[in-house]
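Have a look at the structure below before the remarks.
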Amino acid sequence: MDNVHNFAKLLCGVTRDDLFDLENVLKNLNKKIVFSTTKIINKMSDLEGDISAEIDDISYHARKVLESSMTALLGRMDPFRVIITYNVQKDSSYDLGKRAMAAIDWTGDIFSKDNVKAVWHFEKKKEQFDRAILGDYCGEIIWKPALKAFSDWIADKEYDSTWVDEVIAENEDVNFKKIKLNSNRLFSSLSKGVHSECLTDELSMIDKITLRELLIENFKICSILGLLSHFVGFAEPRLNKDDALNYFLSTEEMINNV
Amino acid sequence: MCNFEDNYADLILACEDFSSEDFEKYHCFYKYEESIIAQLMAHGPVLLKGGRGAGKSALLREADRRLKAYSETACGIYLSLRHLPLLRSQGREYEDEFLRILIDKIQAVAKNEYGYHFTCENEVYSVHKAMIEFSESINKRVVLFFDDAAHIGREAGLEEFFAIFRTLSSSRVSCKAAIYPGVTKFGTRFDVYNDAKVVDISRRYGQVGFKEFFYEVMKLRYPEKVSKEEMFSNIDAPTVAEILGMAVLGNVRSFIKGCSILFDKTDKVNFTHLNDTFLELGSDFFWPMLEEIKSKIGIYEPLIECCVEIADIIYSDCGEKKATSFIVHRNFANKFSKPLEILEYAGFIAKREASRGMKQGGRGTRYNINLCNVLEKVPGTRLTKSLLDDWVSNKIEDVQFAANNINFVKISLPDVDVNKNLGILEFDIDRLRKSKVFPYGLTEDKITRLKAAGYDTVGHLAECNQAELMRIDRIGEIFAARIKNVVEQAIWM
């Protein structure tokens with residue numbers, strides 16, 4: 001399943017031994033992404049008739065892909081955080097039964113706790129400049145410049161991709177807003193299929209066609225961010241841009257055939 | 001001039017005018033359309049965005065049809081919002097009228113398909129609650145398809161619509177609505193992208209399935225022509241379909257009109273016929289359409305001259321360089337956003353990229369252009385194999401209108417007329433006469449009969465119902481329905 005590995009490489013890059021602990025972090029995340037993506041594809045291809053038994057499992061793996069992808073991106077853009085967490089988890093004091101204080105949190109590490117106003121105001125304190133990978137600051141520093149760079153780069157390329165068409169049809173501000181909102185919505189939707197908070201009949205909300213669309217959206221967002229990450233000069237490890245685009249296109253084809 | 005009754009399918013330009021049986025027969029969907037239909041059928045709020053004739057209604061109807069035919073987990077309810085009272089109201093009055101129409105529709109579907117007695121007060125939270133109960137009772141999620149929710153000439157009422165859209169959306173009910181490019185006022189209670197996924201209909205030459213899709217449309221609408229061997233002995237039919245589809249920016253309605261013109265001209269297609277078709281589409285369909293749209297855009301009516309000015313500049317520069325696309329600096333794109341949206345709505349241009357770096361600095365928006373219109377400005381004004389190869393190869397650079405472009409700087413943007421109502425409603429019904437731009441219009445005989453019965457204006461005709469029309473001599477059920485369709489097309493298309 002080359003396409004599955006290509007998708008994982010899009011998020012994690014190709015590791016090198018001069019990345020120190022980050023190499024192990026990315027290798028582990030790569031394995032998780034490959035495992036969960038393979039599970040999803042296999043289960044979706046076998047899905048027929050009553051899907052209630054499979055919704056939980058597929059939603060769980062889809063969420064794993066989303067979380068692992070975001071963590072990989074965080075690691076490649078801002079490695080300090082993930083390396084700290086990795087070492088805490090390796091430490092002999094690590095207790096599986098307790099929540100690790102240093103764990104990667106969806107709110108805080110991936111999303112900001114609060115919306116940011118007056119982004120660069122002189123009177124802001126250090127701690128107000130949050131480093132959430134999909135927060136407004138990373139939006140300004142990383143994703144919006146990457147979107148512009150990508151739009152200019154793709155202009156001379158030949159490709160057939162509705163995902164690319166969707167990205168370039170909007171400006172960087174709209175694109176970043178969509179990515180943020182859709183990621184959060186996906187996290188929430190995929191959690192509903194998993195958690196017991198879902199007290200209604202989940203099947204009526206997540207039937208096969210809705211599940212498929214959720215999965216497409218899931219992989220689309222992860223792939224877009226993965227692709228953009230290779231346009232960020234300080235993200236390591238990075239792929240060659242043409243390779244990144246090819247991995248992106250192969251992921252799109254793989255998921256659309258699910 | 002084509003006779004409507006004899007050439008039924010090839011002249012029907014709006015999918016709303018097809019019966020359910022004929023809809024299936026005359027519509028096709030390929031990979032690109034299938035992905036949109038899947039998003040419309042799935043749970044979750046969606047705004048389907050596309051210009052006039054892009055296929056919004058067809059996609060909504062197909063999604064609804066498939067849910068009805070195949071889904072065990074979802075119930076579809078399709079509702080066209082082509083109701084004159086909605087166009088004329090806002091605020092509480094709009095909400096009341098909207099909910100009344102919606103409740104009627106839900107009651108019909110609930111009773112006919114599920115034997116369920118749907119009832120609630122004419123209040124949005126009551127409808128919301130009753131819909132959840134209905135959904136739980138039938139053990140299916142509900143998908144509401146709202147067609148023609150927005151009218152290009154009228155933004156009043158949109159705020160109420162989107163507030164209702166948001167309120168009705170729930171864990172068991174999803175709303176889908178068709179909107180055109182240029183809907184920007186969503187009101188204070190609706191946060192676009194947060195409260196809905198926006199899906200753009202953007203067929204472009206080069207996409208997988210583009211050629212096959214338009215070839216299939218050609219075959220469905222003109223089966224006898226396409227099956228004639230001599231017709232395509234110079235250029236094969238799929239290629240002709242692809243070229244025409246590319247020229248009209250992937251717009252289905254314009255494509256069908258183009259086929260009609262082409263097949264009227266010849267029994268053996270060659271470049272000369274394609275050339276003549278392009279020119280005729282430009283002069284007799286697209287340009288007059290701007291004049292037709294003028295009467296429908298309400299407060300934006302004063303902008304039409306500006307639209308023509310902008311189109312002239314774009315086509316002149318692009319024609320001279322044989323370019324198929326242009327980039328306009330962000331400053332101009334923002335300043336002239338409404339005229340550009342009107343041009344996009346009319347099929348003159350199609351937005352492709354929102355943010356591209358420009359040679360002279362800054363960033364701009366990139367559009368493809370309607371090749372039928374630009375052909376007039378190409379030196380020689382002839383569609384040759386060589387020109388077509390240039391267009392298809394996409395090797396010609398975009399024309400770029402930089403921030404200091406003198407032609408754009410000179411254009412003055414008139415103020416909108418906030419008191420202007422939809423002009424079309426006040427027009428004499430002579431406006432509904434069959435013409436090149438309005439091929440589905442009424443014959444002289446019908447117009448004479450309607451006037452004799454006291455229907456003088458389009459608005460007056462729009463207010464009456466089919467039963468009232470059937471009281472007129474020699475207007476039976478079929479013609480009454482047709483007259484209503486023609487009026488709706490005149491106002492909403």
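The values are calculated or read from the model by the stated rules, or taken from the named source; none is laboratory data. Because the structure is a prediction, the values reported are computed rather than measured. Note that each Cβ is placed from the backbone with ideal geometry, even for glycine, and that neighbours are counted across all protein chains shown. The protein model used for the area step is the full one, side chains on, heavy atoms only, and it has no ligands, DNA or RNA in it. Shrake-Rupley method; radii C 1.70, N 1.55, O 1.52, S 1.80 Å.
Some values worked out for this structure:
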{"read-out": "Spin-label proximity, residue A:14 to segment A:32-52 - amide N less than 19 Å from point 7 Å beyond Cα toward beta carbon", "value": "A:34"}
{"read-out": "DSSP bridge pairs, the protein assembly as shown: antiparallel proportion in percent, nearest 5", "value": "35 percent"}
{"read-out": "Hz values of 3J(HN,Hα) by residue in segment B:230-242 - Karplus curve (6.51, -1.76, 1.60), Gly and Pro given as x", "value": "5, 4, 10, 7, 8, 10, 5, 4, x, 5, 4, 4, 5"}
{"read-out": "Simple Cβ-charge dipole of chain B, Lys/Arg +1 and Asp/Glu -1, about Cα centre, in debye nearest 20", "value": "1160 debye"}
{"read-out": "Charge sum, other residues only, whose C-beta stays under 12 Å from residue A:74's C-beta, Lys/Arg counted +1 and Asp/Glu -1", "value": "-1"}
{"read-out": "J(HN,Hα) series, segment B:457-473, from Karplus relation 6.51 cos²θ - 1.76 cosθ + 1.60, nearest Hz, glycine and proline x", "value": "10, 4, x, 5, 5, 5, 7, 7, 9, 4, 4, 5, 5, 5, 6, 7, 4"}
{"read-out": "Nearest-10 value in Å² for the accessible area of residue B:411, using the 1.4 Å probe", "value": "0 Å²"}
{"read-out": "Contact order relative to length of segment A:33-132, as percent, for alpha carbon pairs under 8 angstrom and 6 or more apart", "value": "21 percent"}
{"read-out": "Contour excess over end-to-end distance, with Cα ends at residue B:21 and residue B:335 and 0.36 nm allotted per residue", "value": "108.4 nm"}
{"read-out": "Peptide B:170-177, shielding by other chains (average Cβ, 10 Å cutoff)", "value": "2"}
{"read-out": "Heavy-atom accessible area order for B:479, B:145, largest first, 1.4 Å probe", "value": "B:479, B:145"}
{"read-out": "Share antiparallel - DSSP beta bridges, segment B:37-174, percent rounded to 5", "value": "10 percent"}
{"read-out": "Average partner coverage of B:350-360, which counts Cβ from other chains inside 10 Å", "value": "5"}
{"read-out": "Percent antiparallel among DSSP beta bridges (both partners in chain B, rounded to 5)", "value": "35 percent"}
{"read-out": "Percent accessible area from carbon and sulfur atoms, chain B, protein chains only, probe 1.4 Å", "value": "47 percent"}
{"read-out": "Amide H within-cut-off set for residue B:179, under 5 Å, with H built and near neighbours excluded", "value": "B:48, B:49, B:50"}
{"read-out": "5 angstrom amide H check on residue B:80, placed H, neighbours 5+ away", "value": "B:147"}
{"read-out": "Nonlocal amide H pairs with residue B:174, under 5 Å, H built at 1.01 Å", "value": "B:44, B:142, B:143, B:144"}
{"read-out": "Paramagnetic label zone (point 7 Å from Cα along Cα-to-C-beta, residue A:87; backbone N under 20 Å) in segment A:1-29", "value": "A:16-29"}
{"read-out": "Chain B - mean residue ellipticity at 222 nm from DSSP helices (-39,500 (n - 2.57) per run, n ≥ 4, rounded to 500)", "value": "-14500 deg cm²/dmol"}
{"read-out": "Karplus (6.51, -1.76, 1.60) ³J(HN,Hα), θ = phi - 60°, over segment B:338-353, in Hz, Gly and Pro reported as x", "value": "5, x, 5, 5, 5, 5, 5, 4, 7, x, 7, 9, 9, 5, 10, 9"}
{"read-out": "Nearest-10 value in Å² for the accessible area of residue B:151, using the 1.4 Å probe", "value": "10 Å²"}
{"read-out": "Shielding of B:33-45 by partner chains, average beta-carbon count, 10 Å", "value": "4"}
{"read-out": "Buried area at the B-A interface (accessible, heavy atoms, 1.4 Å probe, summed, Å²)", "value": "2600 Å²"}
{"read-out": "Convex hull volume per residue in cubic angstrom - Cα atoms of segment B:194-246", "value": "85 Å³"}
{"read-out": "Per residue value of the accessible surface for the protein assembly as shown (all protein chains in place, 1.4 Å probe), Å²", "value": "42 Å²"}
{"read-out": "Anisotropy class of segment B:216-257 from Cα gyration tensor, a/c 1.5 cut", "value": "oblate"}
{"read-out": "Largest-first ordering by accessible area, 1.4 Å probe, given options B:291, A:127", "value": "A:127, B:291"}
{"read-out": "Exposure rank, largest accessible area first [A:120, B:492; 1.4 Å]", "value": "A:120, B:492"}
{"read-out": "Anisotropy class of the protein assembly as shown from Cα gyration tensor, a/c 1.5 cut", "value": "prolate"}
{"read-out": "Rg over Rh, two decimals, segment A:87-172 (C-alpha only, Kirkwood Rh)", "value": "1.15"}
{"read-out": "Area of residue A:234 that stays accessible when all protein chains are in place (1.4 Å probe, Å², to 10)", "value": "120 Å²"}
{"read-out": "Mean separation of Cα contacts under 8 Å, 6 or more apart, over the residue count of segment B:231-293: relative contact order %", "value": "35 percent"}
{"read-out": "222 nm mean residue ellipticity, helices alone, for chain A (DSSP H n ≥ 4; -39,500 (n - 2.57); rounded to 500)", "value": "-20000 deg cm²/dmol"}
{"read-out": "Over chain A: Rg over Rh, Cα atoms, Kirkwood Rh", "value": "0.96"}
{"read-out": "Against the rule of thumb 2.2 N^0.38 Å, how large the Cα Rg of segment B:336-493 comes out", "value": "1.50"}
